[in-house]
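Below: one structure, written as structure tokens.
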Amino acid sequence: MSHDFLQMHLKAVISCLLIFLYKVHTTKAGQFFSSGHTNNWAVLVCTSRFWFNYRHVANTLSVYRSVKRLGIPDSHIVLMLADDMACNYRNPKPATVFSHKNMELNVYGDDVEVDYRGYEVTVENFLRVLTGRLPPSTPRSKRLLSDDRSNILIYLTGHGGNGFLKFQDSEEISNMELADAFEQMWQKRRYNELLFIIDTCQGASMYERFYSPNLMALASSQVGEDSLSHQPDLAIGVHLMDKYTFYLLEFLEEVHPASQANMNDLFKVCPQSQCVSTPGHRTDLFQRDPGSVLITDFFGSVRKVEITKDTINLTSPVEPPIQRSGSGDIQIESLTYVDQLPVAEIIHQKPKQKDWHPPDGFILGLWTLILLVFFQTYGIKHLKHIF
Amino acid sequence: CCQRHPGSVDQFQEELVIRPLHSGDIYASFQFRTLWDTDFLQERQKVSHYRLFPKSLGQVLSKFSVRELHISFTQGFWRTMQWGQPFIPSPPGAELWVWFHDTVSDVDGNWKELTNVLSGIFCASLNFIDLTNTVQPSASFKPLGLGNATDHRFLRYATLPREIVCTENLTPWKKLLPCGSKAGLSVLLKSEKLFHSSFHSQAVHIRPVCQDEQCTSKAWELRQTLNVVFDLYTSGQGKKEWSLFKMFSRTLTEACPLATSSKVYVDITDNPEGELFELSPATPLLSQAVVLGDRRTYSVFDLTRAEMFGQLRSLNLLLRWKGDSGDMLRPLLHAERYVAGFGLQTGEIHTVIYNNHPYRAFPVLLMDSVPWYLQLYIHTLTVTSKSRDNKPSYIHYQPAKDRHRPHLLEMLIQLPPHSMTEVTVQFERALLKWTEYTPDPNHGFYVGSSVVSALVPSMVAMNTNFTQDQPLFSSFVPVKEESSYFVRVYTEPLLVNLPTPDFSMPYNVICLTCTVVAVGYGSFYNLLTRTFQVDEPSLPLAKRLANLIRRIRGVPLLA
């Protein structure tokens with residue numbers, strides 16, 4: 001009797017285990033398809049100019065490097081650097097930007113592509129990139145061509161204050177403008193989910209005013225606190241990185257494209273003991289639980305691959321282009337190069353025919369005044385003496 | 001190696017010229033040429049199959065009906081007096097000049113869109129080129145390719161002297177090469193070494209050329225050139241010994257498989273007996289070429305031959321100096337420019353052109369493009385040679401229009417032999433609107449380089465025949481006559497300070513005005529609208545107690 005009971009008990013336990021495993025398996029598979037995005041974009045902005053703000057460019061380039069390493073291609077990254085540090089004349093090692101002292105890691109790399117550089121990094125251009133309202137002649141590499149299934153990572157760094165971020169020491173962007181820009185993006189369905197990271201002083205003030213759904217934000221310091229820089233390099237002479245981004249880079253170096261690290265690990269990056277400031281985050285506008293959001297959902301570009309065993313018939317190869325009809329009739333006269341400095345021709349050059357423009361407003365006004373005065377003094381009836 | 005595709009034939013050649021300079025520096029010039037026998041501007045059949053020619057540039061050419069395109073990005077300034085003449089000159093910053101086809105109706109619209117598209121291709125801020133810094137030269141910058149009609153209405157020239165060149169410009173430039181940066185000479189292009197140099201210039205030149213010697217049909221030529229001068233002290237550590245590894249931190253391992261010719265030329269004209277420097281590995285191949293008016297001898301390393309690479313499968317050229325080189329031959333044409341004057345109101349631009357030929361005089365065409373905020377006083381323009389007035393035989397001046405057009409001044413000046421010619425013009429600095437200042441206005445504002453174009457008398461007869469096997473560095477500029485060669489010299493760009501306002505003044509004014517209004521008006525308002533009552537002062541405690549007692553007694557109270 002007890003033996004039967006034991007057997008039944010064992011069977012029950014085994015079936016329970018199987019059901020449990022099956023459930024876990026389905027949730028894992030379910031999780032795989034639950035993120036809902038099909039492509040990844042990144043907008044990385046450094047807003048500071050001048051050599052002593054080297055660390056902000058290094059911050060942005062280290063996030064660029066991580067994002068590229070985890071799979072997002074250059075065509076999907078909009079990189080905006082407000083000043084050139086790598087080929088700056090003050091840089092003792094040109095074409096390099098280091099993040100660790102003793103020149104351990106060159107985050108500039110060999111195949112960097114900067115889309116907006118120098119004076120092009122302005123508040124207007126940044127907002128135009130986000131909302132997509134760019135002039136028609138803007139090239140593709142300068143556009144954020146995201147759709148409603150794109151996960152976008154936005155990273156800002158520079159000097160900031162309570163409620164604003166300074167662009168190039170001459171203008172600011174306020175947290176309200178940023179929140180409105182994200183709302184415009186939401187209404188035009190330009191993103192599926194958006195991760196906003198900011199590394200400035202009082203960075204948490206920048207995400208206080210967000211009101212659009214599917215936004216998650218991280219900042220390096222709370223309101224009233226300053227974000228500090230990490231370590232100077234004595235050979236280069238400036239501080240190389242900010243503390244928050246330095247530890248963020250260290251964390252991201254551990255992440256690889258198949259990593260299962262989630263957002264809760266990202267929130268733990270740089271606690272107060274390391275960063276001196278208190279990093280903050282905001283997840284109330286985000287639909288999913290941060291524990292189920294993978295780091296690679298935003299930093300990487302994990303492609304879903306479909307394997308098929310069917311054969312596909314390719315269309316017939318491209319026809320060679322038809323021979324030019326000009327080859328039939330032989331051109332007798334040979335073409336010549338132009339004379340580079342035809343002195344005689346230049347000296348006797350006729351002056352360029354200027355296009356005729358109608359007289360300018362000032363001239364018209366002057367003539368009207370003269371005519372009016374003339375007619376007032378002499379009267380209309382005297383006209384017949386003239387004509 | 002490569003099959004010839006029927007229909008359009010394209011071929012690719014690459015070469016590297018190494019020229020040791022007298023100052024101990026070394027000059028390396030890369031040229032990559034793709035020649036394609038097709039017609040982008042043909043209406044009937046659109047070009048859709050690109051092989052060696054990059055598709056991004058081909059689409060740009062056909063969309064904007066471009067006849068010729070020249071774009072260059074330069075970091076540093078070419079020192080003509082120490083280094084001689086470069087193979088392909090370029091001014092500091094970015095320079096773009098384009099000849100459009102005569103079928104174009106709106107040249108300015110095409111120009112604007114073309115600059116935007118190129119800014120995306122080359123990761124540069126070329127979108128800052130607009131009507132305020134574009135000029136239409138009337139005699140300079142004649143087309144370098146085939147053609148007969150030269151109506152200057154279809155030419156546009158712009159320069160951005162402030163443009164920075166860094167790895168982000170080199171990356172897309174390398175992507176245009178057929179072999180990328182994986183094989184052939186382009187493996188040497190490593191940014192950490194290339195930008196740690198005195199001079200770095202990368203350019204793209206597209207033009208129609210003769211397909212063969214009879215020159216009956218056109219072919220499109222794309223030349224990508226990269227000129228770099230390595231400094232003896234920063235890259236060379238002070239030792240007069242150069243090798244490919246020291247210059248580029250790489251050695252050559254193979255030729256580009258798509259190239260029909262891949263050669264390295266080393267200039268050994270100053271070293272005929274081997275007494276100046278030693279070149280290893282030694283090569284029996286020698287070649288002579290007439291370039292820049294001089295006959296030079298080169299050692300040729302043909303990379304398509306496998307025995308070049310030896311046992312280690314790598315080629316590392318080594319030049320070791322044994323003796324001291326003598327003085328350099330002075331270049332025949334040289335130009336300088338500087339700003340004179342003091343203060344922030346007026347100034348004077350001086351352009352000095354030197355003709356170092358002992359007995360021959362030749363004409364030069366000087367082109368100056370000055371931004372509108374330096375208002376030139378053309379009545380103060382003087383041209384003096386040997387302290388005598390020298391009247392130019394052709395002057396074209398287009399005055400600036402504020403915020404619309406820059407100044408354009410073109411003059412054809414005859415330079416007397418062995419002389420210095422000075423061109424001076426005074427200017428006044430304008431005050432810009434406060435939104436027009438850059439974020440760092442105290443750095444100053446740049447004025448683009450002047451361009452001096454000349455036909456300089458040559459010491460040896462130039463080669464006017466066009467042959468297919470001419471090395472690339474001697475076949476860039478078409479040669480029309482034997483006795484002279486065409487050269488273009490760029491002067492330094494100028495950096496002028498404009499009167500800069502104090503940008504904190506609006507904030508200061510608002511604070512001060514608000515304070516004055518609040519204090520002044522506020523007090524006045526209070527005086528007018530409030531009624532005043534006299535308040536009884538409160539008595540001290542002793543007197544209050546005394547008053548209480550007095551009230552009880554019925555006696556008059558204290559004050």
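Things worth noting here:
- Here the dipole of chain B is about 2080 debye; that uses its Cα centre as origin and unit charges on the Cβ of Lys and Arg (positive) and Asp and Glu (negative).
- Residues A:PHE52, A:PHE362, A:PHE210, B:PHE73 in ascending order of nearby Cβ atoms (within 10 Å, fewest first): A:PHE362, A:PHE52, A:PHE210, B:PHE73.
- On the beta carbon distance between A:LYS93 and B:ARG295, with R0 = 35 Å, the FRET formula returns roughly 0.30.
- DSSP bridge orientation in chain B - percent antiparallel, rounded to nearest 5: 95 percent
- Take each residue of peptide B:161-172, count the partner chain Cβ atoms within 10 Å of its Cβ, and average: the result is 6.
- Across the range B:457-464, computed HN-Hα scalar couplings (Karplus, 6.51 cos²θ - 1.76 cosθ + 1.60, θ = phi - 60°) run x, 9, 7, 10, 6, 7, 8, 8 Hz from first to last residue, x flagging Gly and Pro.
- Peptide packing: for B:99-107, B:27-35, the average count of neighbouring Cβ atoms within 10 Å per residue gives the ranking B:27-35, B:99-107, highest mean first.
- Gain upon complete extension [B:SER280, B:SER62; 0.36 nm per residue less C-alpha separation]: 73.8 nm
- Over the range B:304-356, the alpha carbon radius of gyration divided by the compact-protein estimate 2.2 N^0.38 Å works out to 2.43.
- For B:439-448, mean number of other protein chain Cβ atoms within 10 Å: 2
- Angle in degrees between helix B:107-122 and the longest Cα principal axis of chain B, rounded to the nearest 10: 90 degrees
- Modelled spin labels at A:SER334 and A:ARG143, positioned 7 Å past Cα toward Cβ, are 4.7 nm from each other.
- Order of A:HIS159, B:HIS200 under a 10 Å beta carbon neighbour criterion, fewest first: A:HIS159, B:HIS200
- Listed residue (B:SER325, B:VAL300, A:PHE50) projecting farthest to the positive dipole end of the protein assembly as shown, Cβ model: A:PHE50
- Counting Cβ atoms of other protein chains within 10 Å of each Cβ in B:116-124 and taking the mean gives 5.
- Translational diffusion coefficient (Stokes-Einstein; Kirkwood radius from C-alpha pairs) of the protein assembly as shown at 10 °C, 1.306 mPa s, in µm²/s: 48 µm²/s
- Computed from label points 7 Å out along Cα-Cβ, the spacing between B:GLN288 and A:ARG189 is 7.5 nm.
- Between 0 and 90°, nearest 10: helix B:505-516 axis offset from chain B longest Cα axis: 10 degrees
- Think of each Lys and Arg Cβ as +1 and each Asp and Glu Cβ as -1; about the Cα centre, that makes the dipole of the range A:39-297 roughly 360 debye.
- Under the simplified labelling scheme, the B:GLU422-B:ASP389 pair shows an inter-label distance of 1.7 nm, with each label point 7 Å from Cα along Cα→Cβ.
- Here the range A:39-297 carries DSSP beta bridges of which approximately 35% are antiparallel, counting only pairs with both residues inside.
- Estimated at 0.36 nm per residue, the fully extended path between A:ILE380 and A:ALA261 surpasses their Cα-Cα distance by 33.6 nm.
- B:THR382-B:PHE503 FRET efficiency (beta carbon distance; Förster radius 45 Å; 0.05 resolution): 0.75
- Exposure proxy ranking, count of Cβ atoms within 10 Å, fewest first, for B:ARG405, A:ARG189: A:ARG189, B:ARG405
- Leading residue at positive end of dipole, the range A:39-297 (Cβ point charges), from A:HIS230, A:THR96, A:SER292: A:THR96
- Near A:CYS275: Cβ cut-off under 14 Å, other residues only, Lys/Arg at +1 and Asp/Glu at -1. The net charge is -3.
- The length gained on full extension between A:ALA344 and A:TRP356, counted as 0.36 nm times the residue separation minus their Cα-Cα distance, comes to 1.5 nm.
- The range B:268-424 - Rg over Rh from alpha carbon coordinates, Kirkwood radius: 1.19
- Rounded, prolate or oblate (a/c below 1.5 giving rounded, otherwise prolate when a/b exceeds b/c) for the range B:122-173 by Cα gyration tensor: oblate
- Rounded, prolate or oblate (a/c below 1.5 giving rounded, otherwise prolate when a/b exceeds b/c) for the range A:158-296 by Cα gyration tensor: oblate
- Rounded if a/c under 1.5, otherwise prolate or oblate - the range A:39-297, Cα gyration tensor axes: rounded
Readers should treat all values here as calculations from the given coordinates under stated rules, not as data from a laboratory. Predicted, not measured: the structure shown is a model, and the values here were computed from it. Virtual Cβ from ideal backbone geometry, glycine too; neighbours counted across all protein chains shown.
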